[in-house]
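These notes concern the structure reproduced below.
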Amino acid sequence: MADQFLGFDLSTQQLKGIVVGSDLKLIHEAKVDFDADFAKYGIHKGVLTNPAEGEVFAPVALFLEAIDLVLQRLQGQGADFSRVHGISGAGMQHGTVFWSKDAEHLLASLDAGKTLVEQLESRAKGKRKGAFSHPFSPNWQDASTQKQCEGFDAALGNPKNLAEATGSSAHHRFSGPQIQRFQEKYPEAYAATARISLVSSFLASIFLGKVAPIDISDVCGANLWDIKNGRWHDDLLALAAGGKSGVADLKTKLGDVLQDGGASFGTISPYFTKRYGFPSTAQVIAFTGDNPSTILALPIHASDAIVSLGTSTTFLMSTNQYKPDAAYHFLNHPTTPGYYMFMLCYKNGGLAREHIRDAINVDSTNTTDAKSWDTFNKIALDTPPLGQSSLTDPMRLGLFFPRPEIVPNVKAGTWRYTYTPSSNTLSPADESTWPTPSSDARAILESQFLSLRLRSQSLVHSPKGSSLPSQPRRIYMVGGGAVNPAIAELAGQVLGGSDGVYKLEIGGNACALGSAYKAAWGVSRSAGEGFEDFLESRWNEEGFVRRICDGYREGVFERYGEALRGLEGVEGRAIEGKVEGGVA
Ligand SMILES: Nc1ncnc2c1ncn2[C@@H]1O[C@H](COP(=O)(O)OP(=O)(O)O)[C@@H](O)[C@H]1O
Ligand SMILES: O=C(CO)[C@@H](O)[C@H](O)COP(=O)(O)O
């Protein structure tokens, strides 16, 4: 009986696969860890870098190997793919994959006796032509497109106008500026490119056996899609293509964009039916970006917020109001026409926290496991809010950006200040006011959550019928860092959450789960049944989520409110390029 659904998450450091039943309960999950499983590619934290040009990218061959391996691992756990009725998936956003002119033929004629990488990889020196015109996929951490971004912002007058049209001002990682740079740096490879996929539509293409359309939500991470008019923006395509004459060709390369997030792209490629036993009727439902997919793992209300702690930290809300601004992102909702996703995205998320964890572990005489979070967590919780032993002490406020940051757009660096709210003054910190690295544990978490609070203020309200200050109703913690109780505790203290801080109880991965749910909805929905109704009718609150801790704490939340102006001040110093205060 085909009553199961499969979801994937192809993100920075891992490929995860999840099988759920028609009751949406988790049946199997497996992952491939890129560094651990594919060290042969020379990657670190899933990527390769070219620091001289600010480039960050990943080998496409690695993605191909990961697909075969995650399916084998799911089978190893007992997954029976003959029961899978629908497949969907998600990819890290903005990354592009460049298909060669042979791609469609190769995808359509895969031999089930061989691996994907054996048949699709383009070997530079080999005899065989491959499916790709370029062996690498630019990664969302790439910072090589400053020049192109300036052009995109200027093309519509200013960053605000670009955000109004496409949901975001120009960002280094967005696919439009990335395609422009690719076309300028590798003109021959661009000319040899038949199709361009996002990471999400690349993954869909592999399962479909032909190049798949981009979906209506992930397309908003390109600075190329005119959100209000629901079509490609020709002036922006002209920039990416290197001139007006290239617009039609780039449209062909990018292909159609599917409006319905539950639409089937078609049935699964025979490669997977023969090699892994999928039924030939299994439907491939539109794949989307990893953040859009994450919001599908939960029946979120307009006043709920998701904090996703993956390699990046993202803050996600669902809203029916389109209020774009150059400071954040708006995307089309992945399933629900007329709805949007509000998103903040930080490059310095998981890796920046790990950086401080590692420094603390090196310093600690008790820590034997260099990767343990125990000492970091203990120090973070033992340190008083904002490092204030008494309310009259100045607050400790810092920024910790081992990589160039998106929010705000500044170079890599660390900034540590003490802040006195009554006089609104900042002073560079030193070892006497800010002992390092111990004080950094609480400070980095506070800094990350204060930044989210600062930028989401206009989207939250006072809970109905209460006199509580404006704040989200629930905070849902998802992604790799969501297992950390100290991080959840600090999220609640800083961001509030009138109903508390929650995490998913089913499965370690909200993003892959959201994809599996979308597959289930796409295949099983009755006529006109929206995703929210589909999810609500199968949702099991007790079994699916768990309340971790309180959100709003009277007094503490207000104290963090006073720190917001200080954080803005520290960001101002970072933007001015000042590096002070015992900075590493
Ligand atoms: N116990 C933990 N405490 C804090 N962070 C953690 C913990 N376990 C994993 N992480 C973080 O989770 C990150 C990976 O999250 P994940 O969502 O799998 O990433 P991605 O989807 O970007 O590949 C790691 O960079 C790591 O910092
Ligand atoms: O760039 C963004 C969103 O705009 C990132 O959130 C990527 O989508 C990668 O996500 P993770 O690997 O951290 O899940």
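Values quoted throughout were computed directly from the atomic coordinates according to the rules given, and no laboratory measurement underlies them. All values derive from a computational prediction rather than experimental measurement. As a convention, Cβ positions derive from the backbone with ideal geometry for all residues, glycine included, and neighbour counts pool all protein chains shown.
Observations on the model:
- Between the C-alpha center of the stretch 293-342 and that of the stretch 43-74 there is a gap of 26 Å.
- Residues whose placed amide H lies under 5 Å from that of F136, excluding near-sequence neighbours: V60
- Per principal axis, descending, Cα span of the stretch 274-383 in whole Å: 57, 48, 24
- Kirkwood Rh, Cα atoms: Rg over Rh of the stretch 199-357: 1.01
- The stretch 116-197, relative contact order in percent, only Cα pairs under 8 angstrom and at least six apart counted: 25
- Anchor K251: lysines whose Cα lies under 18 Å away (excluding residues fewer than 8 positions away in-chain): K101, K210
- The Cα atoms of the stretch 1-112 cover 54, 32, 25 Å along the three principal axes, with the biggest extent listed first.
- A cut-off of 5 Å between modelled amide H atoms, ignoring neighbours fewer than 5 places along the same chain, links F265 with V284, I285, A286.
- Using the average count of surrounding beta-carbon atoms within 10 Å as a protection proxy, the listed peptides 72-83, 448-459 rank, highest first, as 448-459, 72-83.
- Evaluated at q = 0.12, 0.17, 0.18 Å⁻¹: base-10 log I(q)/I(0), Debye formula over Cα of the stretch 369-427: -0.43, -0.79, -0.85
- The stretch 416-565 shape via C-alpha gyration tensor axes, a/c threshold 1.5: prolate
- Principal axes of the chain: Cα extent on each, largest first, Å: 71, 52, 50
- Nearest 10 degrees, 0 to 90: helix 175-185 Cα axis against the chain principal axis: 70
- Compared with the direct C-alpha span, the chain from S280 to E542 gains 90.7 nm at full extension, assuming 0.36 nm per residue.
- Cα-based helix-to-principal-axis angle, 440-456 vs the chain, degrees rounded to 10: 70
- Cross-link pairs K147/K244; K228/K253; K25/K378 - those with Cα-Cα distance over 28 Å: K25/K378
- Partner lysines whose Cα lies under 23 Å from the Cα of K40, excluding those fewer than 8 positions away in the same chain, are identified as K16, K31, K114, K125, K127, K129, K371.
- Working note: Karplus 6.51/-1.76/1.60 with θ = phi - 60° gives the stretch 491-507 the couplings 4, x, 4, 7, 8, x, x, 4, 9, x, 10, 10, 9, 6, 8, 9, x Hz, where Gly and Pro are set to x.
- For the listed peptides 483-496, 546-559, 3-16, a ranking on the average number of other beta carbons within 10 Å per residue, highest first, reads 3-16, 483-496, 546-559.
- Helix axis angle, 510-524 relative to the chain longest principal axis, alpha carbon, degrees: 40
- With N the number of residues in the stretch 59-161, Rg(Cα) / (2.2 N^0.38 Å) evaluates to 1.44.
- Only helices enter the 222 nm calculation for the chain: every DSSP H run of n ≥ 4 contributes -39,500 (n - 2.57), and dividing by all residues gives -10000 deg cm²/dmol, rounded to 500.
- Whole-Hz Karplus values for the stretch 361-370 come out as 5, 5, 6, 7, 7, 8, 8, 9, 9, 4 Hz, taken residue by residue from phi with 6.51 cos²θ - 1.76 cosθ + 1.60 and θ = phi - 60°; glycine and proline positions read x.
- The peptide list 336-342, 321-327, put in order of mean Cβ contacts within 10 Å with the highest first, becomes 336-342, 321-327.
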